[in-house]
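The next block holds one structure in the form of structure tokens; read it before the comments.
The values are calculated or read from the model by the stated rules, or taken from the named source; none is laboratory data. Values in this document were obtained by computation on a predicted structure and should not be read as measured data. Backbone-built Cβ (ideal geometry, glycine too); neighbour counts: all protein chains shown. Heavy atoms of the whole protein, side chains included, go into the accessibility calculation; ligands, DNA and RNA do not. Shrake-Rupley method; radii C 1.70, N 1.55, O 1.52, S 1.80 Å.
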Amino acid sequence: MKKGPDSLLNALLNQYPQVFDNIIKNRKERNVQIIYTQIDRDKKNHPTFTDHYFNVNQDNYFYPASTVKFPVAVLALQRLNELKIKGLDKYTTMITEANGIGQTTVYNDPTTADGRPTIAHYIKKILLVSDNDAFNRLYEFLGQEYINNSLHKMGYDDAQIIHRLEINLSEQQNRQTNLVKFIDRRSNIIYEQQVADSKLVYANRNTKMGRGYIKDDKLVHEPFDFSTKNRLSLQDLHDILRAVMFPAETPVEKRFNLTGDDYTFLYKYMSMYPRESKFPHYDSTQYNDNHVKFLLYGAEPAKPDKDVRTFNKEGDAYGFLIDAAYIVDFKNKVEFLLTATIYCNSDGIFNDDKYDYDTIGFPFLKNLGKVVYEYELKRKRVNSPDLSSFRFDYSVE
């Protein structure tokens with residue numbers, strides 16, 4: 001699905017040629033894709049959405065990086081609700097066993113208050129600092145078949161979430177998942193998720209990019225193959241975010257099976273800053289407030305506006321930068337959805353750690369967020385939104 005040119009986004013970007021001119025001229029090479037959704041409320045506070053697009057084309061592959069953690073985190077909550085087992089919830093102790101090459105165990109988690117690993121804590125670490133191991137544990141709990149079948153059934157057809165992150169495993173090893181046990185305070189097993197070996201057959205892809213890559217400290221002079229890497233289109237990512245933030249306005253077939261408490265839990269940790277977390281405790285010199293808030297802030301450690309919160313999930317890897325965000329200004333009664341990606345690998349070499357994040361990617365996402373936010377501040381609304389459901393006391397965990 002390819003989206004045609006959008007006059008509004010084009011006009012906004014063209015107002016700032018000193019910032020966006022190079023990006024606009026090189027939109028194809030940079031694979032810049034943007035979806036911006038305006039939100040308007042009626043007198044009863046019910047929202048309606050108006051979507052705007054820039055260069056969106058699902059055939060233009062980008063590596064989704066850590067953004068795949070978001071649907072997996074949501075699906076982990078959904079899976080618990082589907083199981084309907086007494087005593088099993090997101091706060092139940094989760095033990096991960098190893099039964100194959102490349103798999104590892106988890107019996108405790110020193111970053112929790114009591115040392116117990118749980119679904120809730122894994123999700124919290126994913127949303128606060130994009131923790132890779134936390135994602136891998138949820139991936140192992142759900143398995144490839146549940147993740148992808150669930151997303152496809154809901155209409156997110158482009159998704160292929162088919163491997164763990166940060167660890168080097170074969171395609172077959174990523175099809176295999178660990179034995180997972182949930183136990184009560186007396187170490188009784190409440191539920192046991194058996195070892196899985198995915199038999200899913202995926203649509204063939206021939207996705208090769210760049211002109212070379214580093215392997216075993218040597219440059220290989222051929223395109224890098226992304227054909228067996230994770231895939232998540234910008235449209236699906238944007239729609240999944242909207243479905244989580246606005247479930248009542250989402251068609252039933254595309255809505256996740258979550259409880260009110262699940263939504264509150266997600267909203268709180270999507271918008272919390274690392275320094276506001278007690279468990280885990282994060283060093284503010286390493287994890288500043290904008291550590292995973294690319295839109296509006298880029299990579300800058302500047303203190304964010306106290307009246308603005310970003311509910312988001314970002315990603316960066318292989319030279320790709322992505323952020324999907326619902327941004328709220330409580331003081332000025334502003335809200336909007338913004339999802340964008342940009343390719344930052346000018347030399348076309350992968351795995352060389354020479355990406356244009358700081359010079360091109362982060363400034364682009366920061367400026368894009370600011371331009372849309374400034375436009376939203378001036379945009380006329382018939383009704384002022386009630387945003388109280390998105391306010392949280394972050395001092396209480």
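For E253, E222, E140, the ranking by accessible surface with the largest value first comes to E253, E222, E140, using a 1.4 Å probe. Report the FRET efficiency, 1/(1 + (r/R0)^6), for S389 and Y191, where r is their Cβ-Cβ distance and R0 is 41 Å, rounded to 0.05. For S389 and Y191, the calculated efficiency is 0.85. Round to a whole angstrom and tell me the spacing of the C-alpha centers of segment 22-52 and segment 100-134. Segment 22-52 and segment 100-134 have Cα centres spaced 34 Å from each other.
The ellipsoid equivalent to the alpha-carbon distribution of segment 155-276 has semi-axes of 32, 23, 17 angstrom, derived from the gyration tensor eigenvalues as √(5λ) and listed largest first. Among the listed values (i) 20.8, 64; (ii) 20.5, 70; (iii) 21.5, 68, the one matching Rg and Dmax of the Cα atoms in Å as calculated from this structure is (i). Only DSSP H runs of four or more residues enter the estimate; each adds -39500 (n - 2.57), and after division by the residues of the chain the mean residue ellipticity at 222 nm equals -9000 deg cm²/dmol.
Taken about its Cα centre, the chain carries a charge dipole of roughly 820 debye when the Cβ of each Lys and Arg holds +1 and the Cβ of each Asp and Glu holds -1.
For the peptides 303-310, 148-155, 165-172, 116-123, the ranking by mean Cβ contacts within 10 Å, running from highest to lowest, is 116-123, 148-155, 303-310, 165-172. For the pair V252 and K25, the difference between a 0.36 nm per residue extended length and the Cα-Cα distance amounts to 77.7 nm. Pairs from the table (K124/K215; K306/K354; K303/K333; K254/K333; K181/K268) lying more than 23 angstrom apart at Cα are K124/K215; K306/K354; K254/K333; K181/K268. Between R381 and T207, the distance separating the two model label sites (each 7 Å from Cα on the Cα→Cβ line) works out to 3.6 nm. Be a star and scan segment 154-179 for residues whose amide nitrogen sits under 18 Å from the point 7 Å along the Cα-to-Cβ vector of D225. Those under the cut-off are 162-164, 168-175. Full extension of the segment from N332 to E397, taken as 0.36 nm per residue of separation minus the current Cα-Cα distance, would add 20.7 nm.
A probe of 1.4 angstrom, applied to the heavy atoms of all protein chains, finds Y202 with accessible area near 40 square angstrom.
Rounded to the nearest 10 square angstrom, D386 shows an accessible area of 80 square angstrom against a 1.4 Å probe.
Farthest towards the positive end of the charge dipole of segment 312-397, among the residues C344, G369, F320, is the Cα of G369, using unit charges on the Cβ of Lys, Arg, Asp and Glu. In the context of the full protein assembly, L83 retains an accessible surface of approximately 40 Å², using a probe radius of 1.4 Å and ignoring ligands and nucleic acids. Sorted largest first by accessible area at a 1.4 angstrom probe radius, with every protein chain in place, the residues I214, I39 fall in the order I214, I39. For the cross-link pairs K90/K331; K28/K153; K313/K366, the ones whose C-alpha atoms lie over 22 Å apart are K90/K331; K28/K153.
Ordered by 1.4 Å accessible area with all protein chains kept, V371, V220 run largest first as V220, V371.
Stretching the chain fully between T359 and T104 yields a gain of 88.0 nm (0.36 nm per residue, less the alpha carbon separation).
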